[in-house]
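This report refers to the structure that appears directly beneath it.
Read-outs throughout are calculated quantities, based only on the coordinates presented, and are distinct from any laboratory measurement. In this text, all values refer to a predicted model and were calculated from it rather than measured experimentally. Counting neighbours? That spans all protein chains shown, and the Cβs are built from the backbone with ideal geometry, glycine included.
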Amino acid sequence: MEYKVNNEEMRYLVKDVFDLETQWKDIDRFSELSTDDALAILSESGRIASEVMAPLNFSGDTEGCRLENGIVKVPSGFQEAFKLITEGGWLGFSGNPEFDGQGMPKSLGCLVEEMFWAANTSLYLYGTLTVGAAMCIEEHGTPEQKNLYLPRLYSGKWTGAMALTESHAGTDLGIMRTKALEQSDGTYSISGQKIFITSGEHELAENIVHLTLARLPDAPAGSKGISLFIVPKYLPRDDGSPGDRNNWFSSSLESKMGVKGSATSVINYDGATGFLLGSENGGLLSMFTMMNYERLSVGLQGLGAIDVAYQLSAAYAKDRVQGRSPSGPKNPEEVADSLLVHPDVRRMLLTQRAYAEACRAFGVYVGHQLDRATHLKDQKSKRISELLTPVVKAFFTDKGFECAVMGQQVLGGHGYIKDWGLEQIVRDARIGQIYEGTNGVQANDLVSRKIVRDGGVTMREFIAEMRSADLSSDYEQNFSEQCDLLLDLTDHIVNQAEQDPEFPGSISVDYLDLVGHVVCAWCWALMASNASGDDFGRAKTITAKFFYERLLPRSLGLAENIRATSNVAMQMPAELF
Ligand SMILES: Cc1cc2nc3c(=O)[nH]c(=O)nc-3n(C[C@H](O)[C@H](O)[C@H](O)COP(=O)(O)OP(=O)(O)OC[C@H]3O[C@@H](n4cnc5c(N)ncnc54)[C@H](O)[C@@H]3O)c2cc1C
């Protein structure tokens, strides 16, 4: 597959739109980092994405993973490519340098991750779980656990996996059954079965570190009775080298719609040795460190899907000739004009592009809020990043799937045929809406936990923050009206939730979509305000206009849904379904 990173776009975001170099001056760890350094790093990650990862995307999908005698074989080329990624330090990109991480800002990390997701989603899945596991151990581990696991995870010598789901317990982890029994030496014996475990077993690394949720015998029922354990494939010896094989095995691989190069295992724990991470019964809360990282990362997977779908479908549309322009032939010497003359094809291409560029800026903004929250302990940034995490996860992956299908549509019948790649992008993008907490669950998190619980205070704070930016006058008025709409609906939801506990869940998906559109409108206003008169700037100005004219009005329909609902869906008696 062909995949290219637009370096001009990187410069534009890093320098012109967010002026990150100036922002980084406030944060000790990044104060020496310049725009040029940042762009050199992004150019190198772009090279890895296009030259190392993208060429294996289609072959990895065709070949898939195989389970042979308990060992999972990954597609050809993945081993070598993963080695190059890890040797370049890319897994430890934003990791703590005290433990051999690279110590780079998350605002840049978001751009790097998007490239890796876009180039090869299956391959990058082995990496993202590793980073999430490391972050969880860094936050909740003992000094010994951090010293043992973090350098090995950040270097990619060992990889990570997240073992939560059981066949009867997905969203509702409170009913999971995997058991943990304390042993006389202070370790725990873990027994049970987990399903759907991404990167649970493979041969890319010398050890695989499962972060596994299990229940102690005397634990309270529900989510308050779950503990978190580090359950490595090989038990580390005193010197840290992998020792005895632990007692868990991959009994089968899931047969999936997409991400076929990513090994998704059923894992059986038969009295496997686990090490408690964090406190007994505090496991679900600790796991949220990993889940929140993964949610942001999965959002970037969605963004990667939009970008690569756009790149492939735009290239095809320029090349393919079919029919004539409605305003007369544009290429009379050819038998037909290119697809680009058709307004509907342009609608599809610009929809993809407008969401991709807005979400990219949105991701950089959230990454920077996380940097401020982590390194400056800025509480406002922490609140805003928590508020926006479910929006990034669900909005980006919803648009990822919508735009992948749109890219496929641009190719007509060829989009349905394997050779052109779009059908794989559609299949791979779909999982982003489902794992890491379905998008319906993200929307509930936004509305019930982030809006209703604090009476809309953080959302009001965030809207004030967006309004304080210096925006181009072309969009100021329209954007301000969108903020009024969002404020009004936020108050409406807070009020309605008091009267009807089922109301938040009935409008949460619409509300999240609306928030995503308003934040994208802000990003487009910021980007248009910084657009110059050259071709790059002209394209930005036109795409901003397209977003405001053709995509932002979706918010009005969403607002009507939220206001008009009488919660009619709940009126249907269960027996009539
Ligand atoms: C390819 C793949 C990779 C995966 N990787 C991992 C992994 O690495 N580790 C891991 O632990 N898990 C993993 N999962 C599991 C994934 O996170 C779950 O499938 C997902 O969280 C949903 O759980 P479920 O499938 O049990 O669906 P259910 O929880 O049964 O949900 C079914 C439907 O009901 C809705 N629903 C359920 N409860 C609620 C609620 N309270 N409010 C509103 N709606 C609700 C959901 O939104 C969904 O639409 C993976 C899954 C797949 C397919």
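Observations
- Restriction of the chymotrypsin sites (Phe, Trp or Tyr not before Pro) in the range 296-392 to DSSP coil positions whose beta-carbon has at most 16 other beta-carbons within 10 angstrom yields no sites.
- At most 10 other Cβ within 10 Å, DSSP loop - GluC sites (Glu not before Pro), the range 8-113: Glu32
- Using distinct alpha-carbon pairs, which all enter the 1/r mean, Kirkwood radius of the range 263-332 in Å: 17.8 Å
- Multiplying the residue separation of Asp419 and Thr438 by 0.36 nm and removing their Cα-Cα distance gives an extension gain of 3.8 nm.
- Counted charge near Glu357, where neighbours are those whose Cβ lies closer than 11 Å (Asp, Glu -1; Lys, Arg +1): +1
- For GluC sites (Glu not before Pro), the sites in the range 315-395 that DSSP calls loop and that have at most 12 other Cβ atoms within 10 Å are Glu333, Glu334.
- Over the range 66-140, equivalent-ellipsoid semi-axes from the Cα gyration tensor in Å: 24, 15, 11
- Inter-part distance, the range 288-358 to the range 360-405, computed on C-alpha centroids, equals 24 Å.
- Residues Asp319 and Glu80, FRET efficiency given R0 of 22 Å [Cβ-Cβ distance, rounded to 0.05]: 0.10
- The range 436-577: mean projected area of Cα convex hull, nm²: 10.3 nm²
- Rg/Rh for the range 159-286, where both radii come from Cα atoms and Rh is the Kirkwood radius: 0.96
- Cα centre as origin, Lys/Arg/Asp/Glu Cβ charges: the chain dipole, Debye: 660 debye
- Along each principal axis, Cα extent of the chain, largest first, Å: 81, 59, 58
- Mean Kyte hydropathy of 0.5 or more with a Cα span along the axis of at least 20 Å, helices from DSSP in the chain: 121-140, 503-529
- The chain: relative contact order in percent, alpha carbon pairs under 8 Å with at least 6 residues between: 12 percent
- The alpha-carbon of Lys15 sits under 21 angstrom from the alpha-carbons of these lysines, leaving out residues fewer than 8 places away in its chain: Lys4, Lys25, Lys106, Lys540.
- Cα principal axis extents for the range 7-154, largest first, Å: 54, 42, 18
- Spatially, the range 448-477 and the range 50-124 are offset by 36 Å when compared through their Cα centroids.
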